[in-house]
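Chemist: I'd like to ask you about the structure that follows.
The values are calculated or read from the model by the stated rules, or taken from the named source; none is laboratory data. Please read these numbers as outputs of a predicted model, since none were measured by experiment. Cβ coordinates were reconstructed from backbone atoms using ideal geometry, including for glycine residues, and neighbour counts include every protein chain displayed.
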Amino acid sequence: MPVRPLDDIRVLDLTHFYHGPYGTLMLSYLGADVIKIEPPGHGEGMRPLYRAPGREISIGFAILNVNKRSVTLNLKSADGRELFKRMLARADVVAENFAYGAMESFGLGYDVMRAINPRLIYATGKGYGISGPYRDLPAFDPVVQAMSGVLSTTGEPDGPPMKAGPAVVDMLGGIHFAAAILAAIRNRDRTGEGMMVEVALQDAVIPALTTHIGAYYGMGIAETRSGNRAPGGVIVPYNVYPASDGYVLILAADHPRWRRLCELIGRPELGDDPRFASAKARAANSEEVDEMIAAWTGKHTREALMTMLSAADVFCGIVKELPEVMTDPHLHARGMLREIDDPRLGRITIWTSPLRMNAEASVPSSPAPSLGADTDEFLRTELGLSANEIAALRERKAI
């Protein structure tokens, strides 16, 4: 049985789309009881995003909301707010990533919640935080990529800025979101007091620029975009090269690896050639280096290149397409990717938690919930409402 360190923690999850739900998903994999609170009728906005025709939910929603329960609650209604306040008394964490001021507009700011439950941990995730000149600006992953330097450092040197393909801002934000909540839980264990924690998406992505910041301040390298090469060309070779069946990335990070690479490509004399005998020399002749390597890699398959280069301790990675990643035997063997049966989507492949407790992979116990699937049971068993009271709340559109 996997270790579940948060078995005694309940999270009221008001988050939506990517970064908030990813943070609370990490808590659910650690054992927390995550109650996903959604607006009645349509639920959170991730449910239909990239949804296949005829499907109830999207794959993205199904992945990000494994192991959660769904309770519908209309926080714009007085009845809905009263139910939420009753739920607060038994909660450990409230997590939300609404726009700045949204919770206060519902009459549910941190001061109100803290008065109900002083042990409560209130976690808020915003694009730019709850302070500073950008506080009120709307934010979305690619927008924050633009505002934080990700776009300006991505792309070819002679091309326009380019966003990163994956949702790096949202996922980095979600990781920090979960970490802040865990730290607050630890602090409450020591002091008995809850607290408010916040994570701004822009703040969370800034550390990912460390290489570029180091190149700029440490070496005066002002260029920002370097394509598949190292910023400032400080490591050569460092690029994507063609194989006979796709592409590989090769990185010879030091001179011994460069010499071993020269042996592999059949040009051992280049290992000590003055034109390539140092990182600076190779950088000055990077085009020639790349041409020689590409001429060799193009004669071999990706798997053959991976085998040869790995055996020589030269960094190499197959450039895998998404279908290859989702069937990767290593990821499945580790349990990072798993197949589960979803009652609405059938057999699907989901990712689980990167976190390992005692080296055990997390095993999802339940698919993502249908909208409001747990509302009646939760209100009956947790708040003691009768069937007639629940029906009346539904009639008043509170749930």
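Chemist: Can you name the number of the only condition in (1) exposed (fewer than 15 other Cβ atoms within 10 Å of the Cβ); (2) farther than 30 Å from residue 368 by Cα; (3) modelled with pLDDT of 95 or more that residue 329 fails?
Modeler: Result: residue 329 fails condition (2) only.
Chemist: While we're looking at this one, here's another question. Looking for whichever is outside any helix (DSSP H, G or I), without any contact (Cβ under 8 Å) to a residue 40 or more places away in the chain and assigned by TED's automatic domain parsing to the domain that holds residue 195 here; the options are 85, 76. Which one fits?
Modeler: Being outside any helix (DSSP H, G or I), without any contact (Cβ under 8 Å) to a residue 40 or more places away in the chain and assigned by TED's automatic domain parsing to the domain that holds residue 195 holds for just one of 85, 76, which is 76.
Chemist: Before we move on, is residue 227 modelled with pLDDT under 95 and assigned to a helix (DSSP H, G or I)?
Modeler: When the stated conditions are applied, residue 227 does not pass them.
Chemist: What is the number of the single condition among (1) basic (Lys, Arg); (2) in a helix (DSSP H, G or I); (3) under 30 Å from residue 217 (Cβ atoms) that residue 259 does not meet?
Modeler: (3)
Chemist: Picking from 50, 29, which residue would you name as being surrounded by 21 or more Cβ atoms within 10 Å (Cβ to Cβ), out of contact with any Cys (no Cβ under 8 Å at 6 or more places or on another chain) and among the hydroxyl-bearing types (Ser, Thr, Tyr)?
Modeler: Going through 50, 29 in turn, the sole match is 29.
Chemist: Return yes or no: is residue 194 outside any helix (DSSP H, G or I), at pLDDT 95 or above and farther than 18 Å from residue 21 by Cα?
Modeler: yes
Chemist: Also: Is it true that residue 88 is at pLDDT 95 or above, under 19 Å from residue 121 (Cβ atoms) and surrounded by fewer than 22 Cβ atoms within 10 Å (Cβ to Cβ)?
Modeler: So residue 88 fits the description; yes.
Chemist: So residue 168 clears everything in (1) at pLDDT 95 or above; (2) among the hydrophobic types (A, V, I, L, M, F, W, C); (3) not assigned by TED's automatic domain parsing to the domain that holds residue 135 except one condition, right? Which one?
Modeler: Every condition holds for residue 168 apart from (3).
Chemist: From 186, 225, 190, grab the single residue that is buried (at least 19 other Cβ atoms within 10 Å of the Cβ) and among the basic types (Lys, Arg).
Modeler: 225
Chemist: Answer yes or no: is there a residue in segment 260-268 that is surrounded by fewer than 16 Cβ atoms within 10 Å (Cβ to Cβ), in contact (Cβ under 8 Å) with a residue 40 or more places away in the chain and in contact with a Pro (Cβ under 9 Å, 6 or more places away or on another chain).
Modeler: No, segment 260-268 contains no residue that is surrounded by fewer than 16 Cβ atoms within 10 Å (Cβ to Cβ), in contact (Cβ under 8 Å) with a residue 40 or more places away in the chain and in contact with a Pro (Cβ under 9 Å, 6 or more places away or on another chain).
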